[in-house]
Amino acid sequence: MSAQPMRRLMLNIGLGFALAMLLLLGVIVLAVSQMADSNRQLDHVVTVNNVKSSLASRMRDTLRDRAIIMHHIVVSIDPWEQDELFQRFMELGERYAKDRVTLIEMQVSEEEKTLMAKVDEITRVNQPVMFEVISSAMEQNNYGALTLLQQQAIPLQTRLVAALDEMRRLQREANEEALIKTYTAYSATRNFILFLGIVAALLVAGVALAVSRSVAVQTRLLANEKLKFQTLFESNSDAVVILGDKGFIDCNPATLQMFGLQGVDEFIGKNIADLGATLQSDGEPAIPYAMRHIEQARKHGHAFMEWVGRRADGSLFPSEIALHAMQLEGRPVIQAIMRDISERKQAEAELKAARDAALAAARAKNEFIANVSHEIRTPMHGIMGMADLLMREPLTGVQREYALTLRQSAQGLLAVINDILDFSKIEAGKLTVENVAYVPAQVVQNVADLYRPRILEKS
């Protein structure tokens with residue numbers, strides 16, 4: 001073959017190869033763009049619609065729990081139990097209010113805003129009714145509380161649950177619409193990619209093989225990305241971190257939100273010490289504490305630890321982490337699932353503080369009773385002493401009887417004061433039982449003498 005046809009052939013092959021490469025580049029760009037668009041759509045579903053649906057579901061569960069607690073308060077006859085149930089009722093009310101505020105801030109469509117306004121209106125009417133039911137129950141007006149519960153509270157609760165179910169339906173429809181749009185865009189791009197592939201195959205058979213291999217590689221990469229996305233973002237709503245031998249490999253959006261970071265690259269650039277307090281809750285330094293549990297997970301397959309995390313702004317928060325050893329793309333890694341337990345720790349601290357306050361109040365009451373009782377005993381001993389001195393003087397029979405009654409009454413009052421002190425000893429766990437001999441006839445006579453002046457006054 002002459003040089004001129006050879007050059008022409010090489011030029012044609014080069015042009016065909018270049019065109020095929022351009023088409024292949026178009027295929028890759030469109031595939032990556034489609035995946036990015038699909039990720040954005042799915043990310044919207046996960047971070048917005050699912051969050052709103054989760055909030056509506058939790059508000060619905062909160063209403064159910066409050067209704068159950070109201071029933072228990074109404075039927076309970078124990079004041080202490082009613083107080084504990086009322087505290088739980090108020091905690092659920094605070095959780096419902098927080099979820100409602102968060103859900104209001106996330107509303108976008110007019111239909112959602114209208115439905116949320118309806119929920120607010122029912123809540124405004126329902127709140128005083130629920131407190132009236134509880135107030136009646138705690139005042140032992142169980143019949144009135146039960147009547148109000150059946151006639152007003154339960155119907156209002158039913159309307160609220162129906163409104164929240166409607167909100168969940170809106171989020172499901174939004175999810176379905178987003179998924180349909182994503183699938184439609186993916187199908188259109190896929191058809192165009194197939195068209196470009198056919199054109200590339202018709203231009204040059206040899207280039208078609210390279211294009212097919214490149215498409216296969218890209219397809220496998222896209223499949224791996226999709227699988228990783230499903231594992232990290234769909235299977236777990238907690239913070240999920242992948243840890244390799246040399247540091248962090250990847251994380252999900254919940255992790256970025258928990259630590260206040262902007263992107264995955266920023267998180268990967270961190271080390272373990274950057275994400276935790278210098279000293280953990282047991283006083284052990286962060287790095288040895290974390291590595292000990294990581295080695296335990298590698299050895300036994302799993303481990304669990306509590307971790308004091310550090311956000312990007314420097315604030316600390318308590319969390320619990322479950323570590324699992326696994327294989328990712330043929331290499332061993334550690335999957336860490338982290339959950340923020342700030343609310344639980346705060347509740348435990350509040351419970352401990354309330355218990356300490358109750359114990360302090362009980363001690364103060366006992367000290368007050370003991371002090372007052374001792375102060376009263378001093379003048380009582382003076383009265384009894386003067387009565388004894390009076391009885392030593394020459395008295396008529398009636399005067400002696402009156403003096404004796406005065407002395408016995410003072411002794412009775414002193415016995416009451418001693419009983420009050422005994423109650424303080426009972427609460428302090430220091431009560432001792434004494435065996436004292438007595439004459440029953442004398443006790444009856446003392447009682448009769450005590451009330452004889454009042455009987456004589458009334459003839």
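Return the aspartates and glutamates within reach of K270: Cα separation strictly under 13 angstrom, same-chain partners fewer than 8 residues apart disregarded; answer none if there are no such residues.
Within reach: D250.
By how many nm would the segment from E105 to K270 lengthen if fully extended, with 0.36 nm per residue of separation less the alpha-carbon distance?
On the way: separation 165, 0.36 × 165 = 59.40 nm, distance 3.18 nm.
The E105-K270 span can extend by a further 56.2 nm.
In the structure shown, do any of K246/K299; K98/K181; K345/K365; K52/K118 have a Cα-Cα gap over 27 Å, and if so which?
K98/K181; K345/K365
Need the C-alpha centroid separation for region 384-459 versus region 299-327, integer Å.
Spelled out, the Cα-based centre of one part sits 70 Å from the other.
Since every read-out is calculated from the coordinates, none of them should be taken as a lab result. The model shown is predicted, which means the values in this text are computed figures rather than measured ones.
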